[in-house]
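Asker: Sharing a structure below in structure tokens format, with a few things to ask.
Nothing in this text is a laboratory measurement; each read-out follows from the coordinates by a stated rule. Bear in mind the structure is a predicted one, so any value in this text is a computation, not a measurement. Every residue, glycine as well, gets a Cβ built from its backbone with ideal geometry; the counts of neighbours run over all protein chains shown.
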Amino acid sequence: MMKKMAAFTAAVALSAGALTAQAADVTLKMHTFLPPQAPALSKFFAGWIESIEKASNGRMEVKLYGGMSLGGKPPALVDQVQDGFVDIIWTLPGYTPGRFPAISAFELPFMVTDAEQTSQALQAYYEQNEAVQKEFADMHPLFFWTHDRGVVYSKDEPYLTLADFEGKKIRNPSRPVGSALEAMGATPVGMPIPEMPQALSKGVIDGTVIPFEIVPALRVHELVDHAVEMQSEDGRGLYTSVFLLGMNKAKYESLDAELKKVIDDHSGMAWAQKGGEFFKNAENVGRKLIDEKAQRHQMATAEVTKIQKATAGVATAWIDEMNGKGMDGAALVKSASDLLDQYSK
């Protein structure tokens, strides 16, 4: 009798366990370019995913695949999400040059204050400009954000003046940043960030522009000797990069109302601000590592002003390019700059 009771109890326990461990109604595959140990994945996106799964009462789960582990190179991410190969991507629109030109207004020279402020301005820019929204008609954007003021890293000697950039091969993440470096006399070398450490170590490039946030994940502090920060009199930095968290449109539309609301609650301005805040705070770890292994410098304000003048034509050329695409380039730049001022107060 006791054996039968024990067997019955065990069967009940197994049944209950099976119920609590049952699969989610919806599983979303999320693909991105940085390795899983990068703070953006292990902390920020891990928290975003946990919040989604909790808010859906376990009905929805997100499986995160870092380091392009599902195949392809970073520029392929946009096609992967639009084609439905994956459900969600984190990428830089700038990895696909010419495909999302209007959103790149925030990658023009000196269109960034700090990451939290700039991310909110960027999200508002997307929400307020139909021309920008049209660029992403083939996917469902969740939110946009940026990193903090970009920093210039180099071996041997720091680039502390405009003249120091002459002839230097410097990695850039997007066309506007490449145009700015070219206007400064450098030779821009476009490449996704995962390829940058090897290019530095092999001397393919002399330097790179990245934020402090990414230093730990790519061990940049072991590859460079100098990091130069630059900031204009009104608090703007040389450059930033636009980030996109995008979802497959058909997958989003297939969700029931309850799960759509969960996704909506993890999208938009609130999460753009959270993304910017995380990237702003994450700068401190990279700064500390640079201070331990290399030298950190502040470019003199007078030299920053020279760089502002040297790169002024980048925005003019961008406006002409947008006009040629049937958009009002000057209105887009004004919108971006006004929003940046608004959120930077």
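Asker: To the nearest 500 deg cm²/dmol, what mean residue ellipticity at 222 nm is calculated for the chain from DSSP H runs of n ≥ 4 alone, each contributing -39,500 (n - 2.57), summed and divided by the residues?
Answerer: Numbers: 14 runs with 154 residues, N = 345.
Theoretical 222 nm ellipticity from helices: -13500 deg cm²/dmol.
Asker: Hey, another quick one. Mean Kyte-Doolittle of at least -0.5 and a Cα length of 30 Å or more along the axis: which whole DSSP H helices of the chain meet both? Please list the in-between numbers first.
Answerer: On the way: long enough: 268-293 (38 Å, -0.83).
Qualifying helices: none.
Asker: Compute the separation of the alpha-carbon centres of the range 279-335 and the range 175-205 and state it in Å as a whole number.
Answerer: Value for the Cα centre distance between the two parts: 15 Å.
Asker: Hey, another quick one. List, largest first, the extents of the alpha carbons of the range 184-264 along their principal axes, each in whole Å.
Answerer: Each principal axis gives a Cα extent; for the range 184-264 these are 53, 36, 24 Å.
Asker: Let me ask you something else. Mind grabbing the base-10 log of I(q)/I(0) for the chain at q = 0.10, 0.15 Å⁻¹? Debye formula, identical points on the C-alpha positions, no solvent, two decimal places.
Answerer: -0.60, -1.28
Asker: Oh, and also: Order by neighbour count: 52, 214, fewest other Cβ atoms within 10 Å first, most last. Working shown, then result.
Answerer: Numbers: 52 18, 214 22.
Lowest to highest Cβ neighbour count: 52, 214.
Asker: Next question. Test of understanding: in a Gaussian network model of the chain with alpha carbons linked when under 10 Å, which of 294, 115, 180 would top the mean-square fluctuation ranking?
Answerer: In this elastic network of the chain, the residue with the biggest mean-square fluctuation among 294, 115, 180 is 294.
Asker: Okay, next question. Between residue 300 and residue 341, what is the label-point separation in nm under the 7 Å Cα-to-beta-carbon projection?
Answerer: 3.0
Asker: With each pseudo-label sitting 7 Å past Cα toward Cβ, what's the residue 201-residue 63 distance in nm, one decimal?
Answerer: It works out to 3.1 nm between the two label points.
Asker: May I ask for the Rg/Rh ratio of the range 58-175, computed from Cα atoms with Rh as the Kirkwood radius, given to two decimals?
Answerer: Numbers: Rg = 17.0 Å, Rh = 16.7 Å.
Here the Rg-to-Rh quotient is 1.02.
Asker: Given the alpha-carbon gyration tensor of the range 192-345, what are the semi-axes of its equivalent ellipsoid in whole angstrom, ordered largest first, with each equal to the square root of 5 times an eigenvalue? Display every interim value, and only then the final one.
Answerer: Values: eigenvalues 197, 124, 58 Å².
Semi-axes from the Cα gyration tensor: 31, 25, 17 Å.
Asker: Continuing with this model, one more query. I'd like the FRET efficiency for residue 99 and residue 25, computed as 1/(1 + (r/R0)^6) with the beta carbon distance as r and R0 of 35 Å, rounded to 0.05.
Answerer: On the way: r = 33 Å, r/R0 = 0.95.
Computed FRET efficiency for residue 99 and residue 25: 0.60.
Asker: Mind checking which lysines have their Cα closer than 28 Å to the Cα of residue 251? Skip sequence neighbours fewer than 8 apart in that chain.
Answerer: 29, 43, 54, 63, 73, 134, 260, 261, 274
Asker: At what distance in nm do the modelled label points of residue 43 and residue 156 sit from each other, each positioned 7 Å from its Cα along Cα→Cβ?
Answerer: A separation of 3.5 nm, rounded to one decimal place.
Asker: Next question. Filter the trypsin sites (Lys or Arg not before Pro) in the range 202-270 down to the DSSP loop ones having no more than 13 other Cβ atoms within 10 Å, then list what survives.
Answerer: Values: sites: 202, 219, 236, 249, 251, 260, 261; in loops: 202, 219, 236.
In loop regions of the range 202-270 (DSSP not H, G, I, E or B), the sparsely surrounded trypsin sites (Lys or Arg not before Pro) are 202, 219.
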